[in-house]
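Everything on this sheet refers to the single structure shown next.
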Amino acid sequence: MIYIKVEIRQEIEIDYSEVYKLNKAAFGQESEAKLVDLLRKNNAFIPGLSLVATIGQKIVGHILFTKIKIIDNNGNESGSLALAPMSVRPDMQRQGIGEQLIGFGLNKAIKLGHKSVIVLGHEHYYPKFGFVPAEKWKINAPFDVSTNAFMGIELAEDGLRNVTGTVQYPKEFEAV
């Protein structure tokens, strides 16, 4: 695999249209691009965890972490983060850009004091970052999905200790 080094920084408003185009191209549809636009207006949005990968001035990747809740059977809420979406320009995929975005993003989330991240993603890709099936903590998706594709990671020691229940995503996720 060719490994391309990128610069990673916080997304700024002037990046929004390029990030939209990037998500549309990476996913072959507008759903994820629209999701990012909608999430920026929600209080679940964390500006410091909307990150772009650049080569020179060109945006080649984007990753977004937003606040989510995990609600147990008694209605108790625990906070976590969702990693979604992550995109890399189609012509630059499989060159380590996504790996750099995930690593940088997880480290930034730790620095900001977040204790865990949940992702719905490829079961053979995310484990290399430490993600394991969320069922380990008895954390469930709010929709039917393979348990191997619904994963979590603790960013702090025991970051998901005594956390169980169903993930509640921001309502914007339902729009896509």
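The values are calculated or read from the model by the stated rules, or taken from the named source; none is laboratory data. Worth saying up front: this structure is predicted, and the values here are computed from it rather than measured. Please note: Cβ atoms are built from the backbone with ideal geometry, for glycine as well, and neighbour counts cover all protein chains shown.
Overview of values
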item: Residue that is farthest from Arg9 (Cα to Cα) [pool: residues in the stretch 53-96 that are among the basic types (Lys, Arg) and at pLDDT 95 or above]; result: Lys69
item: The stretch 143-159, residues that are exposed (fewer than 14 other Cβ atoms within 10 Å of the Cβ) and either among the aromatic types (Phe, Trp, Tyr) or out of contact with any Asp or Glu (no Cβ under 8 Å at 6 or more places or on another chain) (or both); result: Phe143, Asp144, Val145, Ala156, Glu157, Asp158
item: Hey, Lys108 charged (D, E, K, R) and under 20 Å from Ile46 (Cβ atoms) or not; result: yes
item: Qualifying residues in the stretch 110-142 (those that are farther than 19 Å from Gly75 by Cα and touching a Leu at 6+ places or on another chain (Cβ under 6 Å)) - the one surrounded by the most Cβ atoms within 10 Å (Cβ to Cβ); result: Val117
item: Matching residues in the stretch 136-154 - criterion: being in contact with a Gly (Cβ under 9 Å, 6 or more places away or on another chain), closer than 15 Å to Ile68 by Cβ and not in a strand (DSSP E or B); result: Trp137
item: Residue match in the stretch 91-111 (condition: in contact with a strand residue (DSSP E or B) (Cβ under 7 Å, 6 or more places away or on another chain) and under 19 Å from Ala175 (Cβ atoms)); result: no
item: Any hit, the stretch 76-90, residues being over 30 Å from Gly165 (Cα atoms), among the aliphatic types (A, V, I, L, M), in contact (Cβ under 8 Å) with a residue 12 or more places away in the chain and touching a helix residue (DSSP H, G or I) at 6+ places or on another chain (Cβ under 9 Å); result: yes
item: Criterion (surrounded by fewer than 22 Cβ atoms within 10 Å (Cβ to Cβ), in contact (Cβ under 8 Å) with a residue 12 or more places away in the chain and in contact with a helix residue (DSSP H, G or I) (Cβ under 9 Å, 6 or more places away or on another chain)) met by exactly one of Ile63, Ile2, Ile71, Ile59; result: Ile59
item: Index of the failed condition, Glu123 passing every other in (1) farther than 12 Å from Ile153 by Cα; (2) modelled with pLDDT of 95 or more; (3) not polar (S, T, N, Q); result: (2)
item: Selection within the stretch 94-146 - out of contact with any helix residue (DSSP H, G or I) (no Cβ under 9 Å at 6 or more places or on another chain) and hydroxyl-bearing (Ser, Thr, Tyr); result: Ser146
